[in-house]
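Chemist: For reference, the structure I am asking about is given below.
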Amino acid sequence: MIFIFDRDENMKAVLRRESPESMPYWEAAFVEQLNGDIRLKFHIPADHDDAQYIEEESRVVYRDDDNMERLLVVRETEEKRTSDDRVRKFVYCKDAAIPELNDSPVERISYESATPLQVLNDVLKNSRYQPGIVDSFEPKPFNIEMTNAMQAIQQMIETWGGEIRFRVQVSGNKIAFRYVDFLTRRGRITGKRFEYRKDIQEIIRRVNTKNLKTAIYPLGKSIKNDDGTEEKLTIADVEWSTANGDPVDKPKGQKWIGDPDALEKWGYLNEDGTRSHRFGFWENTEIEDPVVLIQAGWDYLQNSGITEPQVSYELSVLTLEKLSGYEHEAVRLGDTVYVIDRGFKKPIEIEARVIEIERDLDKPKNSRIVLGNFVETFIQSVDQVRQDVEKRIRPIERINYLNSIIDLENNLIESSRGYVYIDDPNGIMIYNKLRDENPTQAMQLNSAGFRIAGSKDPNTGDFNWQTFGTFNGFTASLINTGTLNANLVEIISTDISTGTSRKVEMYDGNIYTYYYGELTMALTGYSLDFFDHGNFSDGSNKGNITGKVELAWSSKTGDPSGEYNARGVAVVTLHDLLGLGKTTPDDEFSFHEFAFYWNKGQNRAYLSGPGSGGDYNKFWSLTLTPDHDMWNTDFRHGPSMRLAIGDINGSHYSGVYFSIGDKEHGGDGRYFEVWEHRDTSGTRYPALQMNEERLFLHRDYLHFRKPGTTGTNRGWIYTTDNIIALSKEEGFAIILDRSSKTMYFVIDGQTKFWIDTNGGHSI
C-alpha cells in the first residue's frame, strides 16, 4: 500500500494493486541502503483522476515489510506512451528525511561526556524530527561546531558507531510524527545461508587499489622544540640493516620505511627501469621512542593490508521468503548472513551483512538483496600435492604411494621426541625441542581445537601454522588420503606454462569444472551442461547455461499415452548456435568446417561437406534416402534426393540442386526446380523449373524414350532462339520458325508442306 500526500502533507490518494476503487500502480520497487538512502519508483495511469496529486515535492508514505511507515518525496515524474498505447506516469521518489535534515541548522554542541540520546535531542531541536528508538551506548565526548542536522548525525555515527533509520507515523490523513532511530546495529544474526545455485543470482569480486601503499612515514608523539614549536616524532635517527637481522635496510636521516616486495610489485615504474614507492602516513601519538615507532610502523605496513589491493565481494541474491514454505528465509536490512560460493579460484565462505534491499512490490520473489561489509572467516583450498611425484605414477599405484607416505609419517613420529607443556596459558603445547631451545615445530591443543606448525617464519620467529582442526572441520595445506568420502571435493590446479587456473568440483553427486573461477561444465544426473563466459554485446547471457548433452526420449508409434519408448541422446543448444564440424590442432576453440550448422541469430542452417579447393578433387554429397546404403552411387532403386559435387572413383560429378516447395519470396503456389554446375567456375545454371502453370526446360533437346537405359527413342523436342521442332524419329518433324513466321512439315528428311502467317503455303 502506498499513500500519496500533497506538498502540504494532506492525504490525497491511496495506491493499491488489488482494489478497483484505488489507483493502480505497476513495476514498483522500494530500495533501502544501510545508513544510506531510500528510493521508491513506480508508474501509474496518467489519465487516472488521482494522478494529478502526484507531482514534484509530493509526499509518499510506503509501509514496509515490518509495518513501518517510511516517508519519501517525489523528485521526478515523466509521462510516456507505452507499448500498449497507454500513457503512463513514471514516478521517482527519494528519502524525505535526508534533505530536510540537511536544511535544519545545528548550533555548536559540546559535551565532555554524553550519550547519543542527549546529543540527538540537541541535533533535532530545530527540525520536525524527534529521537525515536535510541539504544544504549557508552558516554563519550562530543563536540561539533555550527552545521546541519544530517552532518551532526554523521559525526555521531563516527563517534559511537551505530546505524540510523528514518520513519514516520501517519494518524488519520496527516503525517503526525517523524522519528530518527539510533541503533547499535540494524538486523539480526540469522544464520541464513545464501548459496550459489540456490538463491545467489550474481556474485562480484571487486579489487580496489585506491588505498594501496608500499611505504609509510611513521609519526609519533608531538615533541616541543627549544623555540617553542612542535613537531611529530619520526624515525630519522634510527638505522636498520638486514645484515644485523632487521627486516629491511633503512639509513639514518630517512624518515620513511618501505616494503621491497610491495615496491617491486606495485611501485610506479621510472624511466630508468627502477620503481618509486607509493607513500602514506601512519600516526600513533602514544609512542615516544623512535625505535619503538619504527617497529610499530613496520608491523602496520605488514599487517594492515595496505601493501595489497583491497578485495571485497558484492552479491545479488533472490529473496525466497514470499514463496510458500520459505518463510524462514526472511531477511532484513542489516542482517548478518552466511555466503557460500565455491565457483571462485579461492572459494568464498564468508559472513556478510545485508547492506541494501530492493523490494519488488509487484513480484516479491524477484526482490534483490546486496550483501557487503565482508569479513572473511574461512577459506579452504587445495594446494598442489607432490605434483612432480604424482605425474610419474599410474592410478593403480596411487594407494601404494599413499601407503608409503603413511609408513614414512609413522616412522618419523616413532623416531621423534616431543616435549609437552600443560601449564601453557594457550592450552597444551607440544614442541620438538625444549621450550628454551628454540623449537621449530609445534602442536597446540585447547578448547577451540588444535593446530600444527612444521616450521617457523625466519623473519618474525612465529610458528607457521598450516594444519588446523576445529569443531567446524579440518583445514590443511596438504592432505594425503586413500578413499575420500566427502560432501564436497575440490581439485584446484594451475597450468605452469600458461598460468591458467582450473578446478574440478564434486558436490552432491555432481561434477563441476571451472576455468579462471568461472563454471564451464556440469555433469548432473543424465545431463552434461555447458556454460558460456564469452563476450556479449549486452552481457545478457554471460555465465548462463548455453547447451547440453542429455538423455532424450519420445513416443514410439503405437505407444500408449504417457509412455516414451523411443530413447536416445540429444545434443541441445539453449541459445543461437548449434554446430558439428572440424577444427585444427592449433585452434581448438574455432570451427573451420561445419558438417552441420544451425544459427538462429543469422536465420540459417545447412549441412555441408569438406571444401574442395576449387578443383573438385574431393567429393561431398547430401543424400536423403530411406533404408539404403549411403555410399551406393545408384539411387534410382528407391526414393531419394542427392546433392553432390567433386570426384569419386575417377568420375567427375556436376553438382545438382533440387528445390521443392513454395515460391522463394512468399509466393504464389508450389514449384520444383533443378539447378546444376555446367563447368568448374562455381556458377549455377537452371536446368528445370516447374510451377503450377508452366514447365521450363533449360536445354536445346528434350528426348522421350521407353523406360530403361537402352530404350528406343520415342521422339524429341528441339529449340533455338527462333526455332522449335517436334520429332517422332529421324527425318520426321514439325518445325516452327519464328523468324520467317512459317510452319514446316518434314517427312523422310524433306519438307513436304509449309504455311506462313501471311496465308502462303506449299499446297
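The values are calculated or read from the model by the stated rules, or taken from the named source; none is laboratory data. In this text the structure is predicted, and so the values were computed from the model without any measurement. As a convention, Cβ positions derive from the backbone with ideal geometry for all residues, glycine included, and neighbour counts pool all protein chains shown.
Chemist: Can you tell me which residue in region 707-733 is modelled with the highest pLDDT, limited to those that are assigned to a loop (DSSP other than H, G, I, E, B) and touching a strand residue (DSSP E or B) at 6+ places or on another chain (Cβ under 8 Å)?
Modeler: Looking at residues that are assigned to a loop (DSSP other than H, G, I, E, B) and touching a strand residue (DSSP E or B) at 6+ places or on another chain (Cβ under 8 Å), I get Asn722.
Chemist: So which residues in region 83-119 are surrounded by fewer than 12 Cβ atoms within 10 Å (Cβ to Cβ) and hydroxyl-bearing (Ser, Thr, Tyr), if there are any at all?
Modeler: Ser83, Ser110, Ser113
Chemist: Now, a different point. Taking only pairs six or more apart or across chains, which ones have beta-carbon atoms under 6 Å, a first residue in region 271-295 that is within 18 Å of Gly258 (Cβ to Cβ), and a second residue that is in a strand (DSSP E or B) and among the small types (Gly, Ala, Ser)?
Modeler: Correct list of pairs: His277/Ala215; His277/Gly258; Phe279/Ala215.
Chemist: A follow-up question, please. Taking the conditions exactly as written (part of a loop (DSSP other than H, G, I, E, B) and over 41 Å from the mean Cα position of the chain (by Cα)), does Asn143 satisfy them or not?
Modeler: No: the conditions fail for Asn143.
Chemist: Which members of region 2-21 meet the condition of being assigned to a loop (DSSP other than H, G, I, E, B), more than 41 Å from the chain's Cα centre (by Cα) and either at pLDDT below 85 or not polar (S, T, N, Q) (or both)?
Modeler: Asp6, Arg7, Asp8, Glu9, Pro20, Glu21
Chemist: Which residue, of Lys125, Lys89, is without any contact (Cβ under 8 Å) to a residue 24 or more places away in the chain, among the basic types (Lys, Arg) and either assigned to a strand (DSSP E or B) or not assigned by TED's automatic domain parsing to the domain that holds Arg39 (or both)?
Modeler: Lys125
Chemist: Can you name the strands (runs of 3 or more DSSP E) wholly within region 533-620 that have at least 1 residues being farther than 25 Å from Ala522 by Cβ and either modelled with pLDDT of 70 or more or not acidic (Asp, Glu) (or both)?
Modeler: Here the list reads 566-573, 577-582, 593-599, 604-607.
Chemist: Additional query: What are the residue pairs meeting all of these: first residue in region 569-591, first residue among the charged types (D, E, K, R), second residue at pLDDT 75 or above and not in a loop (DSSP other than H, G, I, E, B), Cβ atoms under 7 Å, and 6 or more apart or on different chains?
Modeler: Taking only residues 6 or more apart or on different chains, the pairs are Asp576/Asn599.
Chemist: For region 502-511, state whether one or more residues are at pLDDT 85 or above, among the aromatic types (Phe, Trp, Tyr) and surrounded by 11 or more Cβ atoms within 10 Å (Cβ to Cβ).
Modeler: no
Chemist: Given the criterion buried (at least 18 other Cβ atoms within 10 Å of the Cβ), touching a strand residue (DSSP E or B) at 6+ places or on another chain (Cβ under 6 Å), aliphatic (A, V, I, L, M) and under 21 Å from Lys94 (Cα atoms), identify the matching residue among Ala215, Ala149.
Modeler: One residue alone meets the criteria, Ala149.
Chemist: Now for a separate question. Identify all residues within region 256-282 that are under 20 Å from Lys221 (Cβ atoms) and buried (at least 16 other Cβ atoms within 10 Å of the Cβ); write none if there are none. It would help to see each step written out before you state the result.
Modeler: Restricting attention to region 256-282, the residues satisfying the condition of being under 20 Å from Lys221 (Cβ atoms) are 256-257, 280-282.
Those that are under 20 Å from Lys221 (Cβ atoms) and buried (at least 16 other Cβ atoms within 10 Å of the Cβ): Trp256, Ile257, Gly280, Trp282.
Chemist: Before we move on, is Asn35 in contact with a strand residue (DSSP E or B) (Cβ under 8 Å, 6 or more places away or on another chain), outside any strand (DSSP E or B) and surrounded by fewer than 16 Cβ atoms within 10 Å (Cβ to Cβ)? It would help to see each step written out before you state the result.
Modeler: Values: in contact with a strand residue (DSSP E or B) (Cβ under 8 Å, 6 or more places away or on another chain): yes; outside any strand (DSSP E or B): yes; surrounded by fewer than 16 Cβ atoms within 10 Å (Cβ to Cβ): yes.
Here the answer is yes, as Asn35 does meet what is asked.
Chemist: Are any residues in region 42-69 acidic (Asp, Glu) and at positive phi, and if so, which ones?
Modeler: Correct list: Glu57 only.
Chemist: Could you list, in sequence order, all residues of region 734-745 that are assigned to a strand (DSSP E or B) and either touching an Asp or Glu at 6+ places or on another chain (Cβ under 6 Å) or surrounded by 15 or more Cβ atoms within 10 Å (Cβ to Cβ) (or both)?
Modeler: Selection gives Ile735, Leu736, Asp737, Thr742, Met743, Tyr744, Phe745.
Chemist: Please go through region 75-86 and give me each residue that is among the acidic types (Asp, Glu) and assigned to a strand (DSSP E or B), ordered by number.
Modeler: The first filter runs over region 75-86 and keeps only residues among the acidic types (Asp, Glu), leaving 76, 78-79, 84-85.
Answer for region 75-86, where residues must be among the acidic types (Asp, Glu) and assigned to a strand (DSSP E or B): Glu76, Glu78, Glu79.
Chemist: Only one residue in Leu101, Leu72 is part of a helix (DSSP H, G or I), over 15 Å from Trp26 (Cα atoms) and either of a type outside the set (S, T, N, Q) or modelled with pLDDT under 90 (or both). Which one?
Modeler: Being part of a helix (DSSP H, G or I), over 15 Å from Trp26 (Cα atoms) and either of a type outside the set (S, T, N, Q) or modelled with pLDDT under 90 (or both) holds for just one of Leu101, Leu72, which is Leu101.
Chemist: Does region 457-464 contain at least one residue that is at pLDDT 75 or above, among the hydroxyl-bearing types (Ser, Thr, Tyr), in contact with a Lys or Arg (Cβ under 6 Å, 6 or more places away or on another chain) and not assigned by TED's automatic domain parsing to the domain that holds Glu349?
Modeler: No - not one qualifying residue is present in region 457-464.
Chemist: While we're on this one: Suppose we filter region 746-763 for residues that are surrounded by fewer than 10 Cβ atoms within 10 Å (Cβ to Cβ) and either of a type in the set (A, V, I, L, M, F, W, C) or closer than 20 Å to Thr720 by Cβ (or both); how many remain?
Modeler: Count: 3.
Chemist: May I pose another question? If you check Val238 against the conditions, is it over 30 Å from Tyr300 (Cα atoms) and crowded, with 18+ Cβ neighbours inside 10 Å? Spell out how you get there, then give the answer.
Modeler: Numbers: over 30 Å from Tyr300 (Cα atoms): no; crowded, with 18+ Cβ neighbours inside 10 Å: yes.
Answer is no for this residue.
Chemist: I've got another one for you. Among the residues of region 44-60, how many are outside any loop (DSSP other than H, G, I, E, B) and surrounded by fewer than 21 Cβ atoms within 10 Å (Cβ to Cβ)? Please lay out each step first, then the result.
Modeler: Quick first cut of region 44-60, residues outside any loop (DSSP other than H, G, I, E, B) only: 44-45, 49-53, 59-60.
Among the residues that remain, those that are also surrounded by fewer than 21 Cβ atoms within 10 Å (Cβ to Cβ) are: 45, 49-53.
Number satisfying all stated conditions: 6.
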